[in-house]
Amino acid sequence: MISFIWSVNYLRVLRAGPVSAVSSILRRHFLKEKEARELLTDFSRKFGVDAQRLFGSESRIERAETQIAEVYIINGKPALARSGGVLFPTLVFGEVSSFLPRVVVDMGAVSHVCGGADVMAPGVVRVEGDFHEGNYLLVVDERHGKPLAVGVALFDSQALRALKRGKVVRNVHHVGDRLWGLIRVFIEG
């Protein structure tokens, strides 16, 4: 189970808007074997998945230290990030949909979620998977099933399905945030 107290500063940093991604990379290096093992163990424990199976037993892991977050590039893909001491998957990590529960939102909520808004109950079309309050979720659109955001559940899955009003998911990382812009630099080279 994943839970933590959200840092207001952490959310301010991710939602602050565009950044010159190249100038914000402070340091980039490969992790030592022990550091890589600790990262994968932490990831496995928090998300309940076998990181060795997901990434392979001989994963090459780089850490890019930036002003926004630490980005972990695993086998050439920016798969994980850590900000405010909190480890979470990035939206470009394709396998994220295989282990995170999903909240599907209607097309009217897409622009708001991509703008950094938290997910509100009226915009939720359905909930896929079971989870507890404080667990990470993937927010996807109803038409294409495209990932829009990684968020934290404010209620468990049963309660969320029954709610008709209020915030239900806190937006942590979304399409268009500063971290997204930085990750695009890693992908595009």
Name the residues in region 24-47 that are part of a loop (DSSP other than H, G, I, E, B) and either under 16 Å from residue 89 (Cα atoms) or touching a strand residue (DSSP E or B) at 6+ places or on another chain (Cβ under 7 Å) (or both), would you?
31
Picked from region 56-91 (must be among the small types (Gly, Ala, Ser) and not in a strand (DSSP E or B)), the residue nearest to residue 46 (Cα to Cα) is 85
Just one listed residue, out of 166, 181, is over 16 Å from residue 82 (Cα atoms), touching a helix residue (DSSP H, G or I) at 6+ places or on another chain (Cβ under 9 Å) and not hydrophobic (A, V, I, L, M, F, W, C), and it is 166
Considering only region 156-174, state which residues are under 18 Å from the mean Cα position of the chain (by Cα) and buried (at least 18 other Cβ atoms within 10 Å of the Cβ).
168, 169, 171, 172, 173, 174
Helices (runs of 4 or more DSSP H) wholly in region 92-179 with at least 1 residues that are of a type in the set (Lys, Arg) and either under 26 Å from residue 49 (Cα atoms) or not assigned by TED's automatic domain parsing to the domain that holds residue 48 (or both) - which ones?
157-162
In region 98-115, is there at least one residue being at pLDDT 90 or above, charged (D, E, K, R) and under 18 Å from the mean Cα position of the chain (by Cα)?
yes
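The values are calculated or read from the model by the stated rules, or taken from the named source; none is laboratory data. Quick caveat, the model's predicted, so the values are computed rather than measured. Please note: Cβ atoms are built from the backbone with ideal geometry, for glycine as well, and neighbour counts cover all protein chains shown.
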